[in-house]
Amino acid sequence: MPLTAVTIPEQPVRRIAGLREQIDLHNKRYYQLDDPLISDAEYDELMRELIALEQRYPALLTPDSPSQRVGAEPLQAFEQVTHAVPMLSLENAFSDEEVRAFDKRVRERLGVDEVEYAAEPKMDGLAISLLYERGILVQAATRGDGRTGENVTHNARTIRAIPLKLAGRNYPERLEVRGEVFISKKGFAGLNRWARQQGEKEFVNPRNAAAGSLRQLDPSMTARRPLSFYSYGHGICPESALPETHNELLSRFESWGLPVCSEIEVVKSADGCIANYQRFLRQRLALPYEIDGVVYKVNRFDFQEKMGFVARAPRWAVARKFPAEIAMTEVVAIDVQVGRTGALTPVARLKPVFVGGATVTNATLHNADEVRRKDVRVGDTVIVQRAGDVIPEVLRAVLEKRPANTAEFAMPTHCPVCGSEVITIPGETTLRCSGGLYCPAQQKASIIHFASRKAMDIDGLGEKLISQFLDKKLINTVADLYDLTVEQLSKLERMGEKSAQNLIDALEHSKQTTLARFLYALGIREVGAVTANLLARHLGSLEAIAQADEERLQAIPDIGPTVAKHITVFFRQPHNIEVIQKLRAAGVRWDDVVVEAERVQPLKDVTFVITGTLETLTREEAKAQLEALGAKVTSAVSRKTRYLVAGSNPGSKLAKAAELGVEMIDEEKLLSMLAVQ
Ligand code: IVH
């Protein structure tokens, strides 16, 4: 085999290794130690350099490279994964007595007087299993029903808290780490701010947001969610690799670069557990993430083994749950709100009630499915829950208190604001008003968005003024804002000549903007500030973005098929082009953008099938290298296959390829294709 074709100079080899080491270190500083050494921009710079080098030398790309966190193709569906060691759940305890009873059962079964427990916060996220082979992350799976879960490897790779490669070297050859994927309180607040700006519905709570984010078919969506991870246990692991206690195992995990929650404490007996619970109860609000209780685990592994399991939970652990912050009140009305993108959200208007540290008058009913499931009616007495920063929600109606003559609530078939038909898009649960900018609710929300701080940043132009402009028919689209005059404005309520002039000045000032802000201000679905920035950096001009087809857009890292579709559809609408032209004619302008080096994808969408044994590469490596160049690698030969790469002992695929007239190439040819690109 002529290996000269893939000979690589030594300098990039060293630089790539150095960059990977630096990036891994910064991930650790950020996620494990919460003590970053460099800014996000500097981090991005390192990552960009690494990606550029790996694209130049695809043979150096390995699956554990930190660059591999993004860029995998969207999936059609998740594969099933069978858990060799079942993923169990936990028994719950709701009182001190139940904890004492648990400790008593443990002591009796073990025949000892006192037991040591590892006390860990019960993170409010979802369980994940991470399989490391020779220290490399090879598979990630959700818990599912405990026996079979879903393969979410591509998505897990995008979570920077999850190491792609373990640090050190004394880890077992095969190790399954289990833990919780979650979203911090700050991350959750940011996510909902983003959802609001996009006119999308907000997430119910951090757990739902984490679960929804991990189960995205398009990894680029997961990559944009602020997911975090803590390890709390093991699945597959040779007995010889286990220390004596759970706590020591977690310390080992830490030494291998796996994040472990810093709040873990080792306590003795039921008294220790109860004191620990009191501490968490006090500190709960100050913690940077949501927890819904504390987990007590018998610390010694030999004791755990002796205790065994019942049904779906271990006998050696218990979850002490926090009481939920709930209250009872009455539903005065159910309104349906229309967001910027037309999404309909049913909201219960409540008799004011104090819960979880605040007075609540509105509670979300989320969507049509939830309303139907909970059957909440006007006049009902309901249980509402408020947890931390989460939007209050109606948990259920108290049926015993339901007055006579209440009617089941139905989502409207027509928009409550503009009367347009309500539609659902296949694959979405959200009902939407089809009125677009004809709908005053969508129109108003999109103008508020246009003027907002991260968009055109029009100082002093808020919801109240925008409502007046619309009511008085002073404006119709965002472009009309720039035609407003001091005379028109000073006639409005509570608006003197001075404030009118200030607003005109602010409008004038906003005209000098950036391409990214302008794009964001347009309010294209799913194009938030980050995506707008990416588009600007990669395509450089509005014309290039407007003309790019879906394929071109998807070549930009982090832009998936859904966003690409929304962008092309947006720029196909004549009324959108008209508004843009009018804005530019009014003097909205920005400086040129320096276009970033493009990701080279010379094999974009060329389909390969690999069969038989290759000599210099494993099939996985060949696949990874081909995919890095944009190729698709599938397992079955079909009419779509462009090349069949045949190693030794190729099997039946050869005949199939011959039958379909698919071009066959050998390993040598493959290597030269990889090297030339
Ligand atoms: S141990 C056999 N530890 O709670 C033990 N679980 O109700 C199984 N969870 O599915 C889990 N924090 O998603 C464990 N420190 C922690 C946890 C934790 C959160 C979740 C996990 C699990 C569920 C069980």
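Worth a mention:
- For the chain, the Cβ-based charge dipole about the Cα centre amounts to some 1020 debye (Lys, Arg positive; Asp, Glu negative; other atoms uncharged).
- Point-charge dipole on Cβ atoms (K/R +1, D/E -1) for the stretch 519-607, about Cα centre, debye to 20: 240 debye
- If you take the Cα centroid of the stretch 260-315 and the Cα centroid of the stretch 330-362, the two points sit 36 Å apart.
- Mean Cβ count within 10 Å, highest first, over the residues of peptides 111-124, 520-533, 260-273: 520-533, 111-124, 260-273
- Computed extension gain for Ala586 through Thr148, at 0.36 nm per residue and net of the alpha carbon distance, reaches 151.8 nm.
- Listing Asp369, Asp380 from fewest to most neighbouring C-beta atoms within 10 Å gives Asp369, Asp380.
- Distance in nm between pseudo-label sites at Leu395 and Phe354 (7 Å out along the Cβ direction from Cα): 1.9 nm
- Cysteines in the chain that, by Cβ-Cβ distance, have no pairing candidate under 4.7 Å: Cys237, Cys261, Cys273
- Two-decimal ratio, the chain, of alpha-carbon radius of gyration to 2.2 N^0.38 Å: 1.09
- With R₀ set to 45 Å, the beta-carbon distance separating Val595 from Lys498 gives a calculated FRET efficiency near 0.55.
- For the stretch 20-69, the C-alpha radius of gyration divided by 2.2 N^0.38 Å, with N the number of residues, is 1.18.
- Working note: Debye formula, equal point scatterers on the alpha-carbon atoms of the stretch 152-293, no solvent; log10 I(q)/I(0) at q = 0.15, 0.20 Å⁻¹ is -0.89, -1.25.
- Against the empirical curve 2.2 N^0.38 Å, the C-alpha radius of gyration of the stretch 446-553 lands at a ratio of 1.20.
- For the stretch 237-349, the Kirkwood hydrodynamic radius from C-alpha pairs, put into Stokes-Einstein at 25 °C and a viscosity of 0.890 mPa s, yields a diffusion coefficient of 135 µm² per second.
- With an a/c value of 1.5 or above and a/b not larger than b/c for the gyration tensor axes a ≥ b ≥ c computed over the alpha-carbon atoms, the stretch 552-598 is described as oblate.
- Kirkwood hydrodynamic radius over Cα pairs of the stretch 602-655, then Stokes diffusion coefficient at 25 °C and 0.890 mPa s, in µm²/s: 220 µm²/s
- Fully extended contour minus Cα-Cα distance, from Arg639 to Ala313, at 0.36 nm per residue: 112.5 nm
- Counting all C-alpha pairs of the stretch 557-658, share separated by more than 21 Å (%): 59 percent
- Largest first and in whole Å, the equivalent-ellipsoid semi-axes of the stretch 135-190 read 22, 17, 10, each the square root of five times a Cα gyration tensor eigenvalue.
- Rg and Dmax [Cα atoms of the stretch 395-466; Å; Rg one decimal, Dmax integer]: 18.0, 52
- Around Arg386: net Lys/Arg minus Asp/Glu count, Cβ-Cβ under 9 Å: -2
- Convex hull volume of the C-alpha atoms in the stretch 108-233, normalised per residue: 156 Å³.
- Each of the peptides 88-94, 469-475 was scored by the mean count of other Cβ atoms within 10 Å over its residues; in descending order, highest first, they stand as 88-94, 469-475.
- Cα centroid separation - the stretch 645-677 against the stretch 553-628, whole Å: 28 Å
- Sparse-neighbourhood loop sites, trypsin sites (Lys or Arg not before Pro) in the stretch 368-471 - DSSP loop, at most 14 other Cβ within 10 angstrom: Arg453
- Over the stretch 122-162: Rg over Rh, Cα atoms, Kirkwood Rh: 0.97
- Gyration tensor (alpha-carbon) shape descriptor, the stretch 327-415, a/c threshold 1.5: oblate
- Over 22 Å between alpha carbons, listed pairs Lys565/Lys632; Lys444/Lys582; Lys185/Lys464: Lys185/Lys464
- Computed over Cα pairs, the Kirkwood radius of the stretch 291-356 leads via Stokes-Einstein (0.890 mPa s, 25 °C) to a diffusion coefficient of 148 µm² per second.
- Packing-based ranking of 160-167, 646-653, 250-257 yields 160-167, 250-257, 646-653, ordered from highest to lowest mean Cβ neighbour count within 10 Å.
Quick note: the coordinates plus some simple rules give every number you see, no bench work behind them. For clarity, every value in this text was computed on a predicted model and none was experimentally measured. Because the Cβ atoms are built from the backbone with ideal geometry, glycine has one as well, and the counts that use them run over all protein chains shown.
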